[in-house]
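So the structure is just underneath, and the comments pick up after that.
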Amino acid sequence: MNKPSSETLRQASSDDPRREDYRYQQPQNEELAGQDLDLVECWRIVKRRKRSIIIITLLGLLIGLLSAFSVTPVYRAEATLLVEPAQPKFVSLSQLNGVTPVNLFYETQYEVIRSRSINEAAVNRLSSQTRLALLQQAVEPGGGLLEWLPKSWRQWIQTPPEKIDSRIQQDALVKQIQEHLNVHGGKQSQIIILGFDAENPFHAAEIANAITQAYIEHGMESRMSTVKQAADWMSGRLADLKIKFDKSESLRQAYQAREEMVDTENSKRIITARLTNLATELVKAQTARSEAEIRYHQIEEIKKQGLGYDALIPILKNQLLLKLAEELTRLDRKRSELSERYGHKHPKMIAATTDRDEARRILQLETEKVIENLRKEYEAALAKEQESEDLIAGLQQEMRQLSGKAFQLEKLEREVETNRQLYESFRARLKEVDVTADDHTTNVQIIDQAKPPTEPFKPNRKLIIFLSSIIGLFIAFTVTFVHERLDNTFRKAEDIEDKLLLPVFALLPRLAKMEKQELLPERWMLSEPHSTFAEAINNIRTGVMFSSIDTPIKTLLVTSALPGEGKTTLSSNLAISFSQMGQTLLMDTDMRHPSIEQVLKLRKPAGLSECILGKSSVQECIIQDVECDTLFILPSGVVPPNPLELLSTRRFREIFRTLSEEFEYIILDTPPVLPASDAIVLAHLVDGIILSIKADETTHESAIEMLKRFTNTNITPLGAVLSLADLRKQESYYGGEYYGATNQ
């Protein structure tokens with residue numbers, strides 16, 4: 001079978017649609033690499049990294065245990081106090097200058113309890129043993145990392161208490177109490193809880209009770225001091241008020257005597273009473289005058305109309321006139337009756353006429369008298385009304401004259417009254433102050449005294465252990481996912497397809513049983529022909545054969561980006577696989593660091609370098625495999641000083657063309673691409689190239705750079721192989737048991 005020339009191969013390569021003007025381009029889905037992982041992928045990551053997660057979590061738990069049991073226990077003793085806002089019965093300076101809101105009372109008490117004066121008083125009440133323990137704790141170094149050191153270690157670097165000045169000791173004790181004092185409560189009730197933290201429960205109780213007593217005594221002393229201060233101030237103020245009161249009283253009396261006035265209240269009362277009486281009399285006079293005026297005008301109106309006195313009788317309503325009118329009516333009726341019997345000159349008629357005329361004269365006379373009386377009554381009522389008005393006007397004038405003097409008198413009276421009330425108030429308050437000075441009660445009651453606690457207040461070991469475990473777990477997950485995101489190696493076959501846009505022929509598993517059985521990985525196809533590794537090699541062979549049906553692949557180059565990526569193991573086992581189909585030559589073209597000769601322990605002195613230099617013939621250098629009759633090996637020979645120049649010579653091309661005609665398949669094991677250019681030169685002579693990419697170690701950058709070097713010379717590899725893959729990791733990548741993982 002004739003072997004096509006390299007020019008023919010390059011022409012065929014240019015006709016292949018996969019190779020036409022091929023340049024590596026960054027895949028479009030590269031930008032998806034930063035997207036969040038889905039839940040399934042997260043679970044796979046957790047399964048894959050479960051060992052590191054467990055280790056970090058256990059480390060956090062261990063740190064929590066050490067922290068929880070190395071920290072010195074602290075006990076808190078608490079005293080319960082009932083504190084009522086004091087409502088003093090006397091006027092204090094604070095009351096006169098301003099009133100403190102009640103809702104700030106308890107916040108103020110907290111600060112009072114924390115004050116230096118009370119804490120100093122509490123220190124003076126402590127026993128010598130408690131003072132010494134508190135002082136040792138005060139001078140003990142702490143803060144930062146020292147807090148986590150055992151107490152016995154910290155005592156080595158502390159200053160001995162007996163070498164500290166007494167004043168500094170007092171300051172240190174007060175500061176220690178202030179730092180470990182805890183006060184709260186008093187928001188929804190009148191209860192204040194006073195607590196103190198110490199390493200000794202008995203010391204904590206003693207200090208809490210000492211602070212309580214110091215607070216109560218401070219309150220009593222403060223109240224007594226306030227009482228004394230208020231009494232002194234009020235005594236001086238009372239003398240001044242007495243002088244001011246006497247002076248205002250003297251001025252008032254002098255003014256009354258000079259103006260001949262009684263007090264303004266009596267003057268106003270008298271004038272007001274007289275005005276009230278006159279007003280009543282005026283109303284009565286006006287009413288009487290109005291009635292008389294009405295009757296008088298009616299009479300005058302009747303006279304003007306020329307009516308007789310008969311019309312006046314119903315208006316006058318006089319009993320005498322009514323009787324005279326009735327008598328006149330009777331006489332008129334009698335005369336009328338007599339006139340029907342007798343004539344005008346009859347004696348009875350004459351007598352009746354005389355009686356009637358007399359009665360009429362008397363009625364007229366009486367009527368005139370009544371009218372005259374009504375006129376006089378009208379005039380008298382009018383005069384009385386005028387008199388009342390004059391009296392009222394006179395009183396009003398008198399009142400106006402009194403107002404000017406009364407204003408000044410009222411001013412003096414008000415000043416006297418004000419001074420008198422203020423004087424009496426201060427005198428009463430001063431008496432209350434004297435009584436309060438003898439009262440030793442307090443507004444603070446002890447509900448529960450502090451007792452030595454039986455359980456430590458801190459540390460909360462359960463909480464510390466729990467939180468440390470949670471934090472360790474969180475750190476473990478964080479480290480795991482950050483490592484996954486920062487991992488830029490090829491972990492599964494899809495990574496090669498996504499990053500390099502090349503097909504993946506197979507995944508070569510890591511040979512775990514190699515050391516136990518003392519087998520060579522380069523000969524695994526012969527040692528374990530039915531293993532998963534052997535099946536993967538056969539899959540690579542099948543993929544290579546069907547990758548180019550029109551131009552069969554007979555010469556195949558195997559390379560990698562960097563050393564140690566399994567290319568020698570791949571090329572050796574792939575040569576064994578191809579030898580099952582025909583005579584196959586395995587050429588070791590890595591003249592820089594030859595490995596096939598060393599791995600297979602070949603004793604042939606000559607190799608490829610000697611053939612190119614003409615020192616040996618090809619037949620002398622080729623070795624037939626002792627276990628496989630159809631497999632031949634051409635070692636690299638002696639390492640030359642210029643391997644790239646040898647591989648670029650015409651002599652090597654002639655040797656390679658000759659070997660291509662003699663063997664059905666040739667597998668080339670070449671140096672890595674990135675350290676040297678040997679593989680680029682050899683790639684132009686072969687039918688296909690396979691890239692070996694080591695799982696979990698080969699980075700994306702190195703593989704992409706390797707591929708770019710091929711594509712920049714118009715060479716497109718057939719595909720890639722993910723080598724040295726951990727099958728158990730592949731289970732986590734694919735979410736199930738990878739085929740053959742339990743058989744390696």
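Values quoted throughout were computed directly from the atomic coordinates according to the rules given, and no laboratory measurement underlies them. All of these numbers come straight from a predicted model, not from anything done at the bench. Note: ideal-geometry Cβ built from the backbone for every residue, glycine included; neighbour counts use all protein chains shown.
Compared with the direct C-alpha span, the chain from residue 326 to residue 229 gains 24.8 nm at full extension, assuming 0.36 nm per residue.
Stretching the chain fully between residue 258 and residue 333 yields a gain of 18.7 nm (0.36 nm per residue, less the alpha carbon separation). The H on the amide N of residue 199, modeled in the peptide plane, is under 5 Å from the matching H of 75, each at least 5 residues off or on a different chain. Annotation: amide H of residue 725 within the under-5 Å range of 508, 510, 695, sequence separation 5 or more or interchain, hydrogens built in the peptide plane.
Taken over region 488-734, lysine pairs spaced eight or more positions apart, or on distinct chains, with alpha carbons under 14 Å apart number 6.
Give the separation of the Cα centroids, region 606-677 to region 534-558, in Å. Taking the Cα centre of each part, region 606-677 and region 534-558 sit 21 Å apart.
The amide H of residue 637, built 1.01 Å from its N in the peptide plane, has 608, 609 as neighbours under 5 Å, considering only residues 5 or more places off or on other chains. Evaluating 6.51 cos²θ - 1.76 cosθ + 1.60 at θ = phi - 60° for every residue in region 548-560, the Karplus couplings come out as 8, 6, 5, 10, x, 8, 10, 10, 9, 9, 10, 8, 8 Hz, glycine and proline recorded as x. Couplings 3J(HN,Hα) of region 668-684, computed from phi: 9, 9, 10, x, x, 6, 6, x, 9, 9, 4, 5, 5, 5, 5, 5, 6 Hz, in residue order, whole Hz [Karplus 6.51 cos²θ - 1.76 cosθ + 1.60, θ = phi - 60°; x for Gly and Pro].
Taken over region 488-734, the alpha-carbon convex hull comes to 122 cubic angstrom per residue.
Counting other Cβ atoms within 10 Å as a rough exposure proxy, the listed residues 567, 323, 492 run 323, 492, 567 from fewest neighbours to most. Using Cα-Cα distances under 8 Å and only pairs 6 or more residues apart, what relative contact order does region 169-215 have, in percent? The value is 25 percent.
Using a simple spin-label model with pseudo-atoms 7 Å out from Cα toward Cβ, residue 425 and residue 182 lie 4.8 nm apart.
In plain terms, the residue of 232, 590, 498 with the fewest other Cβ atoms within 10 Å comes first and the most crowded comes last, giving 232, 498, 590. For region 606-656, GluC sites (Glu not before Pro) meeting the loop criterion (DSSP other than H, G, I, E, B) and having at most 16 other Cβ atoms within 10 Å: 627.
Most tightly packed first, judged by the mean number of other beta-carbon atoms within 10 Å of their residues, the peptides 697-706, 105-114 read 697-706, 105-114.
Summing charges over neighbours of residue 586, with a neighbour being any other residue whose Cβ is under 10 Å away from its Cβ, gives -4 when K and R count +1 and D and E count -1. For the pairs 323/369; 187/451; 244/411; 284/304; 284/384, flag any whose C-alpha to C-alpha distance is greater than 19 Å. Long pairs (Cα-Cα over 19 Å): 187/451; 284/304. As a proxy for reagent exposure, ranking 693, 392 by other Cβ atoms within 10 Å from fewest up yields 392, 693. Taking Cβ atoms as reference points and 10 Å as the exclusive limit, the residues near residue 632 contribute a net charge of -3, counting Lys and Arg as +1 and Asp and Glu as -1.
A simple rule links phi to the HN-Hα coupling: the Karplus curve 6.51 cos²θ - 1.76 cosθ + 1.60 with θ = phi - 60°, which for region 175-190 gives 5, 5, 5, 5, 6, 9, 8, 10, 10, 7, x, x, 9, 9, 8, 9 Hz, with x for Gly and Pro.
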